[in-house]
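> A single structure is presented below for examination.
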Amino acid sequence: EKTGKVLGEFCRCYKEQFGVALFNSVRYEIEGAGGPQAQLLHRKVPLEDHVIYSGNIFQYIEENKKWRNRFCVVPHNYGLVLYENKLAYERELPPRVLVNSAGYKILTSVEQYLELVNNSLPGVTPKSGHSPILKCPTDFPLILWHPYARHYYFCVMTGKEQEKWRAVFQDCVRHCNNGISEDSKVEAPAFTDAIRMYRQSKEQYGTWDMLCGNETQVLSNLVMEELLPELRSTIGPRLKGKAPERQRTWIQVSDAVYRMVYELAKAQYDAAVARCEQERPQLESTIRTDMDQIITSKEHLASKIRAFVLPKAEVCVRNHVQPYISSILEALMTPTSQGFAEAREVFFKEVTDMNMNVVNEGGLEKLVEYMEKLSHLAFHPVKMQSCYEKMDQLKLEGLQQRFDVSSTSVFKQRAQIHMRQQMDDAVYTFETLLHQELGKLQGKDDLCKSIQRILERVLKKFDYDSSTVRKKFFREALLQITIPFLLKKLAPTCKGELAKFQELIFEDFASFILVENTYEEVVLQSVMKDIMQAVKEAAVQRKHNLYRDSMVMHNSDPNLHLLGEGPAIDWSEEYSGQPEAEPAADRRRRAKQVVSVIQDDEGALPYGVVAEALLQPGSPEPRQPEEEAHPGVPPSPPGAVREIREALAQESLGDGAEERLTNGTEEGVLLAGAAQGGVTHQGPARDGDGVPCATAASPAPGAEIPAGTGAQRATPASPVPGAEVPSGAGAQPACHQRSDIEPGEHGERSPPRPGGTMESGEGVQTEF
């Protein structure tokens, strides 16, 4: 009943917003919008032939209340896939559990988890001396907590393993949270605007932490936000048993209800989308025929609303927003700029180390090996963690309460996604330019100089694009913070008067012009000038390395973007010397694992042995692992990066090379004097903006597939949480044939090493 009521109201909002979004999309297509052209290339075809990580991890099985060793695989679509063991994975048996981590939080202490559990069911707290809901046998837990869905409990043996798994899990959450694809220029804006309008109708303004996952997950969160308090007050008093048992039962009840809501929401939302798509051709025909009249009608309505609202909005901006814009911007800029600077440094160091190792070890063959690793740099959770961690410094302090910002996680994750995208663009541009140069090179010296020259060229483009991306992020974040605050402040005096403007809209155009949306655009215009000015002034400060708006980089590479239109580069296939191309199935079998194996000290207990003694008191404490090993890569000598930097600087000065673009205020850089056009905003920035997401077939949050069933190979939509997949339709992950067979593998396999797969760093791609 609750789901039907919420979805009924939402679908009405969605139908209204669909027409507006369709009009905006067609108008943008016809009129276009100016803006700085990206200098880096963007990967047209996403990388899909890699495994992010795979390794052994202990999982707590709630059914029998025991810890069991599991083999966990994180494929390129960032779903968590848990197998009985590594042998089951290699034999292509169906996985035990599939987890979509959208909306989850990664906890690394039992105390954190118990605090959240105690708060979820007020009045039910275990007494001192009683057993808590969860006991972890090691000091290194990893807990996936969700406010509505089931929880997952893991643990590892060492602190280094915990750090690595935490980075991998956080990458999964970050990716799955952005489940609404920006590729859709109509459905995505219509959905996020409908969510915002629905919540505002309930007097809920500001950012929303649970706007994460795909559309059905977001709608399920929307329903549960209203349903859970009623459910808690109805069912909570009826729970029996001791406090831990009641808490455990409550988590199971919440998860069961969440799965039911998910199924109902998916059915109703899919029906609403189908109805809108059926009407789309007729609506689009009307828009294209009457575009000029619709624009004129909208401008007339906006002028009337502006005359009524703008004086009040300007006073509100002047008194309550303007004094704090610079403080908010500074709080955003410092960690964000540090994160992008760290991404630049990581890219520089990886390429410089690769250059040195290629020269020392033997030319083209080693280059192919290193380029395959470099191509996945942006998807390496551990190497990128130093960039992502910079955003943890983001704190809005008192500003967060003043502007009703429930959490900064929305801005942190958005900035981190921008960092990953910039890194991948830089890597892709580098490998495209290097691939073009390889045919002209003669010997190691030419190769070394070309790599250095291309690196400097890509870093200049990175600096320019980084400035553009960060300024856009700052503007959007400021709008996300200030617009809901202004709407809430103006609601008592303005919202009730909006109905009288409805008569100004022609009936034929009522599907494309909404009074509420036009009102929000007027409010946005009242603060946009101050935001643009604040960001413009920030560009003058050298410490943030932002280019001024009046500077636009010359297109020094007119043919570069044509290179980006070509097929993806397969380094091993082109330069391995094999006479015949590998079949696609064989390429899947040797899919590379992005994160390499953790090598433990000799003497550390293997997982198979530890599993038996894990719960025994007085077990020997495992040693800390050594530093991450990279097979075949010699350790870099001290100061190697510094020496390469100095060599680059000397070459740059000696050859009269182009000057670096370190800051937009420097003289003599390759910049044009043409001013960059202003940014046109159709409405307030949305919480749900995300990067294009390739997880078209990831399971719903907490979806578990029991033993004996399988995950379908390629499903067009996310499976319903808890839905069983018929046996025989199981995923068939291709099995990699190991060359480094250890004693005992022909019969009974020896226990795998903790935290990793094979020494070669190779994994197997699992599709679901």
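> With the condition kept exactly as written, say whether any residue in the range 402-423 is assigned to a loop (DSSP other than H, G, I, E, B), in contact (Cβ under 8 Å) with a residue 12 or more places away in the chain and open to solvent by 50 Å² or more (accessible area, probe 1.4 Å). If you could, list the steps in order and put the result at the bottom.
Initial filter on the range 402-423 (assigned to a loop (DSSP other than H, G, I, E, B)): 403-408.
This time we only want the ones that are in contact (Cβ under 8 Å) with a residue 12 or more places away in the chain, so: 403-408.
Those left that are additionally open to solvent by 50 Å² or more (accessible area, probe 1.4 Å): 404, 406.
The answer is yes, given that some residue of the range 402-423 is assigned to a loop (DSSP other than H, G, I, E, B), in contact (Cβ under 8 Å) with a residue 12 or more places away in the chain and open to solvent by 50 Å² or more (accessible area, probe 1.4 Å).
> Could we say that Glu389 is within 15 Å of the chain's Cα centre (by Cα), open to solvent by 50 Å² or more (accessible area, probe 1.4 Å) and not hydroxyl-bearing (Ser, Thr, Tyr) here? Steps first, answer last, please.
Numbers: within 15 Å of the chain's Cα centre (by Cα): yes; open to solvent by 50 Å² or more (accessible area, probe 1.4 Å): yes; not hydroxyl-bearing (Ser, Thr, Tyr): yes.
Considered against the rule, which asks whether it is within 15 Å of the chain's Cα centre (by Cα), open to solvent by 50 Å² or more (accessible area, probe 1.4 Å) and not hydroxyl-bearing (Ser, Thr, Tyr), Glu389 comes out as yes.
> Next question, about the same structure. Give Ala256, Ala265 a once-over and let me know the one that is part of a helix (DSSP H, G or I) and under 29 Å from Val186 (Cβ atoms). Talk me through it step by step, then tell me what you get.
Details: Ala256 fails: under 29 Å from Val186 (Cβ atoms).
Selected residue: Ala265, the only one of Ala256, Ala265 that is part of a helix (DSSP H, G or I) and under 29 Å from Val186 (Cβ atoms).
> Name every residue in the range 424-435 that is open to solvent by 40 Å² or more (accessible area, probe 1.4 Å) and among the small types (Gly, Ala, Ser), in order of residue number.
Let us first name the residues in the range 424-435 that are open to solvent by 40 Å² or more (accessible area, probe 1.4 Å), namely 435.
Within the range 424-435, none qualify.
> Residues to consider are Gln170, Gln217, Gln268; find the one that is open to solvent by 30 Å² or more (accessible area, probe 1.4 Å), among the polar types (S, T, N, Q) and closer than 22 Å to Gln416 by Cβ. Give the steps one after another, and end with the answer.
On the way: Gln217 fails: open to solvent by 30 Å² or more (accessible area, probe 1.4 Å); Gln268 fails: closer than 22 Å to Gln416 by Cβ.
Just a single option satisfies the conditions, and that option is Gln170.
> Please verify whether the range 56-65 includes one or more residues that are more than 28 Å from Arg259 (Cα to Cα) and either modelled with pLDDT under 90 or open to solvent by less than 40 Å² (accessible area, probe 1.4 Å) (or both). Talk me through it step by step, then tell me what you get.
We begin by selecting, within the range 56-65, every residue more than 28 Å from Arg259 (Cα to Cα); these are 56.
Now narrow it down to the ones that are either modelled with pLDDT under 90 or open to solvent by less than 40 Å² (accessible area, probe 1.4 Å) (or both): 56.
For the range 56-65, residues more than 28 Å from Arg259 (Cα to Cα) and either modelled with pLDDT under 90 or open to solvent by less than 40 Å² (accessible area, probe 1.4 Å) (or both): present.
> Can you tell me which of Arg174, Arg166 is touching a Leu at 6+ places or on another chain (Cβ under 7 Å), touching a residue at least 24 places away in the same chain (Cβ under 8 Å), within 28 Å of Gln217 (Cα to Cα) and among the basic types (Lys, Arg)? Give the steps one after another, and end with the answer.
Numbers: Arg174 fails: touching a Leu at 6+ places or on another chain (Cβ under 7 Å).
The unique qualifying residue is Arg166.
> Applying the selection to the range 209-229, what residues are of a type outside the set (D, E, K, R) and closer than 16 Å to Glu9 by Cβ?
Val218, Leu219, Ser220, Asn221, Leu222, Val223, Met224, Leu227, listed by residue number.
> Answer with yes or no whether Val26 is in contact (Cβ under 8 Å) with a residue 60 or more places away in the chain, of a type in the set (Val, Ile, Thr), in contact with a Ser or Thr (Cβ under 9 Å, 6 or more places away or on another chain) and at negative phi.
Numbers: in contact (Cβ under 8 Å) with a residue 60 or more places away in the chain: yes; of a type in the set (Val, Ile, Thr): yes; in contact with a Ser or Thr (Cβ under 9 Å, 6 or more places away or on another chain): no; at negative phi: yes.
It is false that Val26 is in contact (Cβ under 8 Å) with a residue 60 or more places away in the chain, of a type in the set (Val, Ile, Thr), in contact with a Ser or Thr (Cβ under 9 Å, 6 or more places away or on another chain) and at negative phi.
> What about Ile235, is it over 30 Å from Asn69 (Cβ atoms) and crowded, with 24+ Cβ neighbours inside 10 Å?
On the way: over 30 Å from Asn69 (Cβ atoms): yes; crowded, with 24+ Cβ neighbours inside 10 Å: no.
It is false that Ile235 is over 30 Å from Asn69 (Cβ atoms) and crowded, with 24+ Cβ neighbours inside 10 Å.
> Right, next: Within the range 436-452, is there a residue that is open to solvent by 10 Å² or more (accessible area, probe 1.4 Å), in a helix (DSSP H, G or I), modelled with pLDDT of 90 or more and out of contact with any Asp or Glu (no Cβ under 6 Å at 6 or more places or on another chain)?
Filtering the range 436-452 for residues open to solvent by 10 Å² or more (accessible area, probe 1.4 Å) gives 436-449, 452.
Narrowing further to those that are in a helix (DSSP H, G or I): 436-440, 443-449, 452.
Adding the requirement that they be modelled with pLDDT of 90 or more leaves 452.
Now narrow it down to the ones that are out of contact with any Asp or Glu (no Cβ under 6 Å at 6 or more places or on another chain): 452.
The answer is yes, given that some residue of the range 436-452 is open to solvent by 10 Å² or more (accessible area, probe 1.4 Å), in a helix (DSSP H, G or I), modelled with pLDDT of 90 or more and out of contact with any Asp or Glu (no Cβ under 6 Å at 6 or more places or on another chain).
> Follow-up. Take Tyr269 and tell me if it is over 30 Å from Val26 (Cα atoms), in contact with a helix residue (DSSP H, G or I) (Cβ under 7 Å, 6 or more places away or on another chain) and of a type in the set (Ser, Thr, Tyr).
Values: over 30 Å from Val26 (Cα atoms): no; in contact with a helix residue (DSSP H, G or I) (Cβ under 7 Å, 6 or more places away or on another chain): yes; of a type in the set (Ser, Thr, Tyr): yes.
Taking the combined requirement at face value, the residue does not satisfy it.
> For Asp465, all conditions in the list (1) over 22 Å from Arg542 (Cα atoms); (2) assigned to a helix (DSSP H, G or I); (3) of a type in the set (Asp, Glu) hold save one; what is the number of the exception?
(1)
> Conditions: (1) more than 19 Å from the chain's Cα centre (by Cα); (2) surrounded by 23 or more Cβ atoms within 10 Å (Cβ to Cβ); (3) more than 22 Å from Arg199 (Cα to Cα). Leu504 meets all but one. Number of the miss?
Result: Leu504 fails condition (2) only.
> What number of residues in the range 453-475 are open to solvent by less than 30 Å² (accessible area, probe 1.4 Å) and touching a residue at least 60 places away in the same chain (Cβ under 8 Å)?
Going residue by residue through the range 453-475, those that are open to solvent by less than 30 Å² (accessible area, probe 1.4 Å) are 454-455, 458-467, 470-471, 473-475.
Checking the rest, the ones that are also touching a residue at least 60 places away in the same chain (Cβ under 8 Å) come to 455, 458-467, 470-471, 473-475.
Total meeting the criteria: 16.
> On the basis of being among the polar types (S, T, N, Q) and at pLDDT 95 or above, does Gln37 make the cut? I'd like the intermediate steps shown before the answer.
On the way: among the polar types (S, T, N, Q): yes; at pLDDT 95 or above: no.
Answer is no for this residue.
> Can you confirm whether Thr296 is surrounded by 22 or more Cβ atoms within 10 Å (Cβ to Cβ) and assigned to a helix (DSSP H, G or I)? Let's see the steps before the verdict.
On the way: surrounded by 22 or more Cβ atoms within 10 Å (Cβ to Cβ): no; assigned to a helix (DSSP H, G or I): yes.
Considered against the rule, which asks whether it is surrounded by 22 or more Cβ atoms within 10 Å (Cβ to Cβ) and assigned to a helix (DSSP H, G or I), Thr296 comes out as no.
> Filter the range 92-123 down to the residues that are open to solvent by 20 Å² or more (accessible area, probe 1.4 Å) and polar (S, T, N, Q), then identify the one that is farthest from Gly179 (Cα to Cα). Don't jump to the end; show me each part of the working.
Our first condition is that a residue be open to solvent by 20 Å² or more (accessible area, probe 1.4 Å); within the range 92-123, this holds for 92-94, 96, 105-106, 108-112, 114-116, 118-120, 122-123.
Remaining after also requiring polar (S, T, N, Q): 108-109, 112, 118-120.
Details: Thr108: 25, Ser109: 28, Gln112: 27, Asn118: 30, Asn119: 28, Ser120: 26 Å.
Top of the filtered list is Asn118.
> Still on this structure, I have one more. Given the conditions (1) open to solvent by 10 Å² or more (accessible area, probe 1.4 Å); (2) part of a helix (DSSP H, G or I), report the number of the one that Tyr148 does not fulfil.
(2)
> Out of all the residues in the range 326-358, which are among the charged types (D, E, K, R) and within 13 Å of Lys383 (Cα to Cα)?
We begin by selecting, within the range 326-358, every residue among the charged types (D, E, K, R); these are 330, 342, 344-345, 349-350, 353.
Of everything in the range 326-358, those that are among the charged types (D, E, K, R) and within 13 Å of Lys383 (Cα to Cα) turn out to be Glu342, Arg344, Glu345, Lys349, Glu350.
> Among the listed residues Pro137, Pro141, identify the single one that is touching a strand residue (DSSP E or B) at 6+ places or on another chain (Cβ under 8 Å) and at pLDDT 95 or above.
Numbers: Pro137 fails: at pLDDT 95 or above.
The conditions single out Pro141.
> Now, a different point. When you scan the range 255-263, do you find a residue that is modelled with pLDDT of 95 or more and open to solvent by 70 Å² or more (accessible area, probe 1.4 Å), even just one?
Of the range 255-263, the ones modelled with pLDDT of 95 or more are 255-263.
Applying the additional criterion that residues be open to solvent by 70 Å² or more (accessible area, probe 1.4 Å) yields 260, 263.
Yes, some residue in the range 255-263 is modelled with pLDDT of 95 or more and open to solvent by 70 Å² or more (accessible area, probe 1.4 Å).
> Out of the helices (runs of 4 or more DSSP H) lying entirely within the range 157-236, which hold 2 or more residues that are more than 24 Å from the chain's Cα centre (by Cα)?
Details: elements: 159-177, 187-201, 215-235.
Correct list: 187-201, 215-235.
The values are calculated or read from the model by the stated rules, or taken from the named source; none is laboratory data. Please read all numbers here as calculations on a predicted model, not as lab measurements. So basically every Cβ, Gly included, is an ideal-geometry build from the backbone, and we count neighbours across all protein chains shown. Heads up: the accessible areas ignore ligands, DNA and RNA and are worked out on the full protein's heavy atoms, side chains in. Shrake-Rupley method; radii C 1.70, N 1.55, O 1.52, S 1.80 Å.
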